[in-house]
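Chemist: Could you have a look at this structure, given as structure tokens, before my questions?
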Amino acid sequence: MTSTVTEPFGPLDPFVHPALFYRDEQDYLDGTLPFVREGLEAGEPVAVAVPGKNLALIRDALGDDATAVRLLDMREAGRNPGRIIPGVLRAFADVQPAGRRVRIIGEPIWAGRSDTEYAACAQHEALINAAFRGRMVTILCPYDVARLPEHVVADAHATHPTVIHPGSRAERESDTYAPEDVVTRYNEPLPPVQEALTFAFDSDSLPHARHVAVGEGARLGLVGVKLDDLALATAELTTNSVVHGGGSGVLRVWAEDGYVVCEVRDDGHLADVLAGRRPVPRDQRGGRGILLVNLIADLVRLHRGDSGTTVRCWFAR
């Protein structure tokens with residue numbers, strides 16, 4: 001995997017990133033509607049990317065003003081947390097006029113996210129601070145404190161420099177803000193798998209790795225676009241291993257809870273915390289491997305270790 005310099009978690013101003021804690025629908029609307037309307041009144045571009053039920057709440061409450069807001073169902077657009085920064089937040093912010101503040105409501109964490117998904121969500125929330133450092137962007141992140149576990153709320157304090165409590169619109173500094181600690185804490189070894197097709201590859205066998213993955217994916221139930229996505233992800237990750245990860249790696253494919261899972265492990269060291277989450281300029285050659293996988297997979301988990309890098313991606317059957 002490519003090794004580059006890690007971006008620091010520096011001063012956030014003029015970037016603003018509060019967590020909005022809410023307990024019910026009224027709290028939710030009281031916290032989100034003024035945020036949207038103030039942006040519209042100021043002529044600022046506004047996007048709302050939240051789970052479908054909450055999206056409907058905001059859309060209905062906005063009435064005709066909803067047509068001036070970019071509305072996205074986060075259950076679809078952000079199913080893979082690794083896709084949210086490049087495919088949702090940056091995709092909206094980067095095309096807006098320079099010199100104008102951009103407002104986004106982003107709710108990537110909801111009750112029902114699996115533990116595997118949540119680890120990626122927590123890292124995502126922490127990495128937003130590095131991805132938007134120094135930019136005129138405000139990203140408001142709602143958290144349902146009535147339904148989410150206590151450790152999720154605690155992590156929200158660690159990943160957001162300011163917080164807004166239920167029944168209040170005032171932002172307060174978080175006493176436990178430490179996004180880099182969250183990134184490190186959730187960089188945990190991925191759970192072991194008992195049974196999987198395993199294929200060791202190098203530069204000579206690289207073309208065969210994709211065929212191995214596609215054959216096993218089809219046998220396990222992937223079809224159509226999802227099978228094509230598995231083929232593309234395998235090609236990108238195995239090529240990265242050969243070019244940047246020591247010249248070889250190990251591919252594994254297996255079925256898990258309605259998904260086909262593909263994993264590539266190599267001896268490379270990935271230092272860039274935003275690898276795969278940063279849009280790549282059109283004229284840049286290379287650097288799209290993990291980004292492309294994040295954009296097409298249903299979930300991506302990455303582990304950086306002393307002995308190498310592991311990328312694991314899920315595709316729904």
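Here, each number is a calculation from the coordinates, and none is a lab measurement. In this text, all values refer to a predicted model and were calculated from it rather than measured experimentally. Virtual Cβ from ideal backbone geometry, glycine too; neighbours counted across all protein chains shown.
Chemist: Which values, in whole Å and largest first, are the semi-axes of the equivalent ellipsoid of the chain obtained as the square root of 5 times each eigenvalue of the Cα gyration tensor?
Modeler: Ellipsoid half-lengths, sorted descending, are 35, 20, 19 Å.
Chemist: Still on this structure: Under 14 Å from the Cβ of V102, count the other residues' Cβ atoms, weight Lys and Arg +1, Asp and Glu -1, and hand me the total.
Modeler: Values: positive: R70, R90, R100, R101, R103, R135; negative: E38, E44, D94.
Summing Lys and Arg as +1 and Asp and Glu as -1 gives +3.
Chemist: Please sort 171-178, 210-217 by packing, taking for each peptide the average over its residues of neighbouring beta carbons within 10 angstrom, highest first.
Modeler: Values: 171-178: 13.6, 210-217: 19.4.
Top to bottom by mean Cβ count within 10 Å: 210-217, 171-178.
Chemist: Cα-based Rg (one decimal) and Dmax (whole number) for segment 18-185, in Å?
Modeler: Cα-based Rg and Dmax for segment 18-185 come out at 14.7, 44 Å.
Chemist: Also, I was wondering about something else. Using Cα atoms only, what is the angle between the long axis of helix 224-244 and the major principal axis of the chain, expressed in degrees (0 to 90) to the nearest 10?
Modeler: 70
Chemist: Using only Cα atoms, what Kirkwood radius does segment 197-316 have, in angstroms? Let's see the in-between values first.
Modeler: Values: mean 1/r = 0.0703 Å⁻¹.
It works out to 14.2 Å.
Chemist: For segment 18-185, what's the relative contact order in percent, using C-alpha pairs closer than 8 Å and at least 6 residues apart?
Modeler: Across segment 18-185, relative contact order equals 31 percent.
Chemist: Mind pulling the angle between the C-alpha long axis of helix 115-131 and the longest principal axis of the chain? Nearest 10 degrees, somewhere in 0 to 90.
Modeler: On a 0 to 90 degree scale, this one is about 70.
Chemist: From the Cα gyration tensor of segment 141-273, with a ≥ b ≥ c the square roots of its eigenvalues, which class applies: rounded if a/c is under 1.5, or else prolate if a/b is larger than b/c, or else oblate? The partial results should precede the final answer.
Modeler: Details: a/c = 3.15, a/b = 2.06, b/c = 1.53.
Prolate shape, in that a/c is at least 1.5 and a/b is the bigger ratio.
Chemist: Under a Cβ-Cβ cut-off of 12 Å, what is the net charge of the residues other than E41 that fall near it, where Lys and Arg count +1 and Asp and Glu count -1?
Modeler: Cβ neighbours under 12 Å give a net charge of -1.
Chemist: Once you have the Kirkwood Rh of segment 64-134 from its Cα pairs, apply Stokes-Einstein at 20 °C and 1.002 mPa s and quote D in µm²/s. Each step should come with its number before you reach the end.
Modeler: On the way: Rh = 13.3 Å.
Taking Rh from Cα pairs, D becomes 161 µm²/s.
Chemist: May I ask you to order 61-70, 246-255, 182-191 by the average number of other C-beta atoms within 10 Å around their residues, highest value first?
Modeler: Top of the packing list down: 246-255, 182-191, 61-70.
Chemist: List the residues of segment 290-312 whose backbone N lies under 12 Å from a point placed 7 Å from the Cα of S114 along the Cα-to-Cβ direction.
Modeler: Output list for this probe position: 298-301.
Chemist: Same structure, new question: Given contacts defined as C-alpha pairs under 8 Å and at least six residues apart, what's the relative contact order of the chain, whole-number percent?
Modeler: 22
Chemist: Show me the ranking of peptides 127-136, 78-87 by mean Cβ neighbours inside 10 Å, starting with the highest.
Modeler: Per-residue Cβ counts within 10 Å, averaged per peptide and sorted highest first, yield 78-87, 127-136.
Chemist: Gap in Å between the Cα centre of segment 217-262 and the Cα centre of segment 160-191?
Modeler: 33
Chemist: Under a point spin-label approximation (7 Å from Cα along Cα-to-Cβ), what is the D228-S168 distance to one decimal in nm?
Modeler: My value for the distance between the label points is 5.1 nm.
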